[in-house]
Structure formats: structure tokens, C-alpha cells
Amino acid sequence: MNQRERIANGLLFTDMSEGLPEDRLRGKEDAFEYNHTRPSDIQARINIARKMLGRIGDNFWIEPPIQFAYGSNIFIGDNFYANVGLTVIDDTKVYIGNNVLIGANVTIGTTGHPIDPELRATIKMYAFPVTIEDGVWIGSGAILNPGVTVGKNSVIGTGSVVTKDIPANVVAVGNPCRVLREIGDHDKKYYFRDREIRPEDYEVS
């Protein structure tokens with residue numbers, strides 16, 4: 001079994017052969033190019049993103065700077081926005097749905113190392129896919145660990161560390177991240193603390 005097959009099967013692997021270093025370098029060159037585009041050159045950023053990432057949908061935007069391991073293992077749906085400082089360690093797949101918002105300085109990591117120091121000394125690692133479903137909002141400074149899924153429409157609070165799956169339609173916060181409450185009628189009335197939602201607020205600008 002080659003290293004890419006080991007990655008796909010969740011087995012321990014090394015990443016210094018079989019073209020993996022070259023793929024990482026290509027991704028880092030693309031990220032460098034993206035990070036050094038002019039703010040006004042929107043089309044250049046879109047073109048680089050289409051080359052760099054596994055997939056992007058319509059209405060895509062990531063504010064530089066970005067940092068990816070490969071880039072090519074990231075698959076993004078429509079209406080995606082990420083603020084500055086997005087880091088994705090994509091040794092395996094990262095799936096991001098439609099209508100997802102990501103705050104500043106968020107880290108998504110698919111990769112980890114064994115706890116046993118003797119095994120860790122072999123420089124082997126593992127990688128498990130991360131999935132962010134439709135309608136999710138990830139708050140600034142959050143960290144998503146290998147193998148987690150964030151369910152549809154859920155909100156991950158600022159600075160949270162997601163170590164386990166988060167169900168759909170909840171607000172989850174903390175380290176480790178836990179469900180605080182379900183999204184419900186209260187959220188149809190208030191958008192922030194005691195600030196009430198008005199009918200016109202649902203109109204698309």
C-alpha cells in the first residue's frame with residue numbers, strides 16, 4: 001500500500017516521498033501568489049483559487065493571508081467567505097458546504113501524530129477528513145481537529161476547539177467545544193443580545 005492509499009485509509013503514513021513534497025510545494029507557491037495579489041485584483045484571486053483548491057463554488061472569497069498544506073484537498077461549495085488568517089492542514093480531504101462563513105484566524109487540521117514517543121519518533125502521522133456542512137458559521141480563532149464534522153447551520157463560538165462532531169442547528173462553544181444550546185425561536189427575534197430583527201433585515205442587499 002503506497003502512502004496516498006495509507007492516507008485515504010486512515011493509516012499511519014509519511015509524507016516525504018511519492019510526489020507528496022512536490023504537491024505541497026506547489027500548493028505553497030499558489031498560496032504565496034494568492035497572498036501577494038492586489039486587493040483590487042479580484043479575478044486574479046479567483047483564478048488562483050481555482051488552480052490551488054480541489055473545488056470552489058460560486059460567490060467564493062477568502063481574505064489573505066492564507067496557509068494550506070496542499071490546497072488541492074479542500075473542496076468548497078457556493079457562497080463561501082473566510083476572513084484573514086485561514087490555515088488548513090489538508091493532508092486529507094476537507095469538505096466545506098454552501099453558505100459557510102469562517103471568522104479570522106481559524107485553523108482546520110486533518111493531521112495528527114501518535115502519542116507514544118517511540119512511534120512519534122518515526123515521523124509518522126495520521127489524517128482524517130474534516131467536514132463543515134451547509135450554513136455553518138465558524139467564529140474567529142476556532143480550531144477544528146482531525147476527523148470532526150460540524151452539522152448543518154451550527155455556530156462554533158470564538159476560540160473554540162472542536163475535538164468531536166457537532167450536531168446540526170446548535171450553538172457550540174468552549175475548549176473542548178460543547179453544545180451550548182439549540183438554534184430556535186429566540187434567534188428569529190434577536191440577531192445580537194437584545195437587538196431585534198426587523199422584517200427588512202431579511203432582504204438581500
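Would you grab the residues whose amide H sits under 5 Å from the one on V88? Only those 5+ places off in sequence or on another chain, please, with H modelled 1.01 Å from N.
Under 5 Å from the amide H of V88: Q67, F68, A69, I108.
Relative to the Cα centre, what is the charge dipole magnitude of the chain, using +1 at the beta carbon of each Lys and Arg, -1 at the beta carbon of each Asp and Glu, and rounding to the nearest 20 debye?
It comes to approximately 240 debye.
Return one quarter of the surface area of the convex hull spanned by the alpha-carbon atoms of segment 58-205, equal to its mean projected area, in nm².
It is 9.8 nm².
Between beta-carbons, use under 15 Å as the cut-off and find the net charge around N47, counting Lys and Arg +1, Asp and Glu -1.
Details: positive: R38, R45, R50, K51, R55; negative: E29, D30, E33, D41, D58.
That works out to 0.
Could you tell me how many degrees, from 0 to 90 and to the nearest 10, lie between the Cα long axis of helix 20-35 and the main elongation axis, the longest principal axis, of the Cα atoms of the chain?
40
Note down the nm distance, to one decimal, between modelled labels 7 Å out along Cα→Cβ at E5 and at F32.
In this crude label model, E5 to F32 measures out at 3.4 nm.
Below 27 Å, Cα to Cα, which lysines can K189 reach? Residues fewer than 8 away in the same chain don't count.
Result set, ordered by chain and number: K152.
Bin all alpha-carbon pair distances of segment 1-134 at 5 Å intervals from 0 and give each bin's fraction as a whole percent.
Whole-percent P(r) values from 0 Å outward: 2, 10, 19, 24, 18, 12, 9, 4, 2, 0, 0.
Under a point spin-label approximation (7 Å from Cα along Cα-to-Cβ), what is the E18-S205 distance to one decimal in nm?
If labels sit at E18 and S205, their model points lie 4.8 nm apart.
Grab the Cα-Cα distance for V161 and A44, subtract it from 0.36 nm times how many residues apart they are, and report the gain in nm with one decimal.
Taking 0.36 nm per residue and subtracting the Cα distance, the gain is 38.8 nm.
Let me have the relative contact order for segment 1-140, percent, based on Cα pairs under 8 Å that are six or more residues apart.
Details: 294 pairs, mean separation 29.4, N = 140.
Worked out over segment 1-140, it gives 21 percent.
Quick check: convex hull of the Cα atoms in segment 1-68, volume per residue, rounded to a whole Å³?
Value for segment 1-68: 102 Å³ per residue.
Can you figure out the FRET efficiency of Y81 with L25, using R₀ = 22 Å and their beta-carbon distance, to the nearest 0.05?
E between Y81 and L25, to the nearest 0.05, is 0.20.
What do you get for chymotrypsin sites (Phe, Trp or Tyr not before Pro) in segment 46-106 restricted to DSSP loop and a cutoff of at most 12 other Cβ within 10 Å of the site's Cβ? Intermediate values should be presented prior to the final figure.
Values: sites: F60, W61, F68, Y70, F75, F80, Y81, Y95; in loops: Y70.
Those that pass, being in a loop and sparsely packed, number zero.
Every read-out reported here was derived from the displayed coordinates using simple, explicitly stated rules and does not represent laboratory data. All values reported here derive from a predicted model rather than from experimental measurement. Note that we place each Cβ from the backbone using ideal geometry, even for glycine, and neighbour counts take in every protein chain shown.
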